[in-house]
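J.: Below is the structure I would like to discuss, written out as structure tokens.
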Amino acid sequence: MSRGVPSPGVRLGLKENWLQFAMLVLVNAFVGGMVGIERTVVPLVGSEEFGLVLKTAIFSFIASFGVVKALSNLVSGVLADNVGRKKVLVAAWLIGAPVPFMIMLAPSWGWIVAANVLLGVNQGLAWSMTVLMKIDLVGPRSRGLAVGLNEFAGYLAVGATAMATGYLASVYGLRPEPFYLGVAYVALGLLVSAFLVRDTGEHVRLELSEHPPETSPLGFREVFLRTSLKDRNLFACSQAGLVNNLNDGMSWGAFPLFFASFGLGVGRIGILKAVYPAVWGVLQTATGPLSDRWGRKGLIVGGMWVQAGALFVTVLGRGFWWWILGSVLLGLGTAMVYPALIAAVSDASHPSWRARSLSVYRFWRDLGYAVGALSAGVVADLFGLSWAIGSVGALTFASGAVVAIAFRETK
């Protein structure tokens, strides 16, 4: 991103940019809805329509999504700086447009895996741009709030769509009706992004003009190494992000099959799958601003440990209300972690390479989808779904301990 001279009248702050901020909140709701169409129904399509028995095979659609989304995140920062935020956002919607149609009409499981490759690109680029553009607009004082509102919109839409698709599947069947929602999300997301959203490059130039220049600008390789390993705060955030999405990827694939194994119908599975992202989304409106006031570390460590407890409650409890409790706790823990991690990465990154640092963090975070899906599938095939869920709970607790030891408070 060139430093340049910002145009007159460009200002940083939520109040000063509320209309554009609101447009981006709306866009990210559509982005989240695209993931929500899969949360309840697609694992059941694999087991019931295509007769897949091995959990590793069923979870393969999550693995393809996770790997591609992680790689898309990795290049998103470079694209944002070189091409522009808005152009990347519009391109993401064009790439995601075929996804609901491919899932509705898929004659084989390979089509669904392929659809998730496109969905991974859509999510990696679109979600990265919405969060980055909000951070651009508000400036350094309200990053936690900006991230919290962004993730609130996205994950509330994930939860609402998971519930809606579960209901539609219980009434009409697993396909095609639940995926009509995805067609609407693509159309609306593309229209709003193309015609109502404006690029935020001027806001980045304004912040750069107020920030001391770096004596030696960092290349992408150095940003990757610093974010992944060399900076203790960025390393702590990257590993926590990976493990956070590892347990999300596991729950995406394993929970519907785990609940169904106890005789739960698709409608009630839809409720359980909706509670977790809905709680996660709503509470981020509080936890994001709290991270600005209280600091990042306590929310990250506590959130990872609450998530671990939630997974143990889920696997040890028996019955719908125990699983509701586990879902609520999982949503609470994730809400504590998610905005604080992104804000902490932003704190530790210079504006000139923040977009690239966030893209590296999001690469590691969303690679967790693939790692979680594949590892949970292997453990489930060898030892059962309960072991898959419990082992991820233990790993999540250990990740929180790493943050407790390595992270130095930034606020």
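The values are calculated or read from the model by the stated rules, or taken from the named source; none is laboratory data. Since this is a predicted model, take the numbers as computed values, not measurements. Methodologically, a virtual Cβ is constructed for each residue, glycine included, from the backbone with ideal geometry; neighbour enumeration extends over all protein chains shown.
J.: Keeping to the stretch 258-275, report how many residues are part of a helix (DSSP H, G or I), more than 18 Å from residue 175 (Cβ to Cβ) and of a type in the set (A, V, I, L, M, F, W, C).
T.: Summing the residues that are part of a helix (DSSP H, G or I), more than 18 Å from residue 175 (Cβ to Cβ) and of a type in the set (A, V, I, L, M, F, W, C) in the stretch 258-275 gives 6.
J.: Residues in the stretch 304-341 that are modelled with pLDDT of 95 or more, under 21 Å from the mean Cα position of the chain (by Cα), closer than 15 Å to residue 396 by Cβ and of a type in the set (Val, Ile, Thr): how many?
T.: Qualifying residue count, the stretch 304-341: 1.
J.: Right, something else. Does the stretch 230-286 hold any residues that are free of Cβ contacts under 8 Å to residues at least 12 places away in the same chain and within 22 Å of residue 359 (Cβ to Cβ), and which are they?
T.: 230
J.: Follow-up question, since we're still on this one. Please determine, by comparing only the residues of the stretch 324-346 that are β-branched (Val, Ile, Thr) and buried (at least 24 other Cβ atoms within 10 Å of the Cβ), which one is nearest to residue 280 (Cα to Cα).
T.: Here the answer is 334.
J.: Can you report the number of residues in the stretch 5-26 which are touching a residue at least 24 places away in the same chain (Cβ under 8 Å) and assigned to a helix (DSSP H, G or I)?
T.: 6
J.: May I pose another question? Could you figure out which of (1) buried (at least 20 other Cβ atoms within 10 Å of the Cβ); (2) within 22 Å of residue 223 (Cβ to Cβ) isn't true of residue 87?
T.: The single condition residue 87 does not satisfy is (1).
J.: Next question, about the same structure. Counting only residues that are of a type in the set (Val, Ile, Thr) and over 18 Å from residue 272 (Cβ atoms), which one in the stretch 28-57 is modelled with the highest pLDDT?
T.: The qualifying residue modelled with the highest pLDDT is 31.
J.: Tell me, yes or no, whether the stretch 222-241 has at least one residue that is surrounded by fewer than 21 Cβ atoms within 10 Å (Cβ to Cβ), of a type in the set (S, T, N, Q) and under 29 Å from residue 174 (Cβ atoms).
T.: No, the stretch 222-241 contains no residue that is surrounded by fewer than 21 Cβ atoms within 10 Å (Cβ to Cβ), of a type in the set (S, T, N, Q) and under 29 Å from residue 174 (Cβ atoms).
J.: Filter the stretch 27-52 for residues that are in contact with a helix residue (DSSP H, G or I) (Cβ under 8 Å, 6 or more places away or on another chain) and part of a loop (DSSP other than H, G, I, E, B); which is surrounded by the fewest Cβ atoms within 10 Å (Cβ to Cβ)?
T.: Only one residue tops the list, namely 50.
Rundown of residues vs (1) among the hydroxyl-bearing types (Ser, Thr, Tyr); (2) surrounded by fewer than 20 Cβ atoms within 10 Å (Cβ to Cβ), yes/no style:
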residue	(1), (2)
253	no, no
256	no, no
261	yes, yes
264	no, yes
267	no, yes
272	no, no
278	no, no
282	no, yes
303	no, no
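J.: Where residues in the stretch 287-318 are outside any helix (DSSP H, G or I) and touching a residue at least 40 places away in the same chain (Cβ under 8 Å), which of them is nearest to residue 254 (Cα to Cα)?
T.: My answer is 318.
J.: Right, another one. Could you check the stretch 362-411 and list, in sequence order, the residues that are surrounded by fewer than 23 Cβ atoms within 10 Å (Cβ to Cβ), within 23 Å of residue 291 (Cβ to Cβ) and of a type in the set (A, V, I, L, M)?
T.: Of everything in the stretch 362-411, those that are surrounded by fewer than 23 Cβ atoms within 10 Å (Cβ to Cβ), within 23 Å of residue 291 (Cβ to Cβ) and of a type in the set (A, V, I, L, M) turn out to be 398, 401, 402, 404, 405, 406.
J.: Check the stretch 141-158 and report whether any residue there is under 26 Å from residue 40 (Cβ atoms) and of a type in the set (Lys, Arg).
T.: Scanning the stretch 141-158, I find no residue that is under 26 Å from residue 40 (Cβ atoms) and of a type in the set (Lys, Arg), so the answer is no.
J.: For the condition crowded, with 21+ Cβ neighbours inside 10 Å and not in a helix (DSSP H, G or I), what is the one hit in 349, 357?
T.: Sole residue among the options that is crowded, with 21+ Cβ neighbours inside 10 Å and not in a helix (DSSP H, G or I): 349.
J.: Just to be sure I understand, how many residues within the stretch 291-301 are of a type outside the set (Val, Ile, Thr) and buried (at least 20 other Cβ atoms within 10 Å of the Cβ)?
T.: Summing the residues that are of a type outside the set (Val, Ile, Thr) and buried (at least 20 other Cβ atoms within 10 Å of the Cβ) in the stretch 291-301 gives 5.
J.: Here's another thing I want to ask about it. Just need a number here: residues in the stretch 136-174 that are modelled with pLDDT of 90 or more and either touching a strand residue (DSSP E or B) at 6+ places or on another chain (Cβ under 9 Å) or not in a helix (DSSP H, G or I) (or both).
T.: Result for the stretch 136-174: 2.
J.: Which of the residues spanning the stretch 83-135 are in contact (Cβ under 8 Å) with a residue 12 or more places away in the chain, over 20 Å from residue 43 (Cα atoms) and either touching an Asp or Glu at 6+ places or on another chain (Cβ under 6 Å) or not in a helix (DSSP H, G or I) (or both)?
T.: Once the filter is applied, which keeps residues that are in contact (Cβ under 8 Å) with a residue 12 or more places away in the chain, over 20 Å from residue 43 (Cα atoms) and either touching an Asp or Glu at 6+ places or on another chain (Cβ under 6 Å) or not in a helix (DSSP H, G or I) (or both), the stretch 83-135 yields 84, 85, 86, 97.
J.: Also, quick follow-up: What residue, among those in the stretch 132-171 that are charged (D, E, K, R) and over 17 Å from residue 23 (Cα atoms), is surrounded by the most Cβ atoms within 10 Å (Cβ to Cβ)?
T.: Out of the qualifying residues, it is 143.
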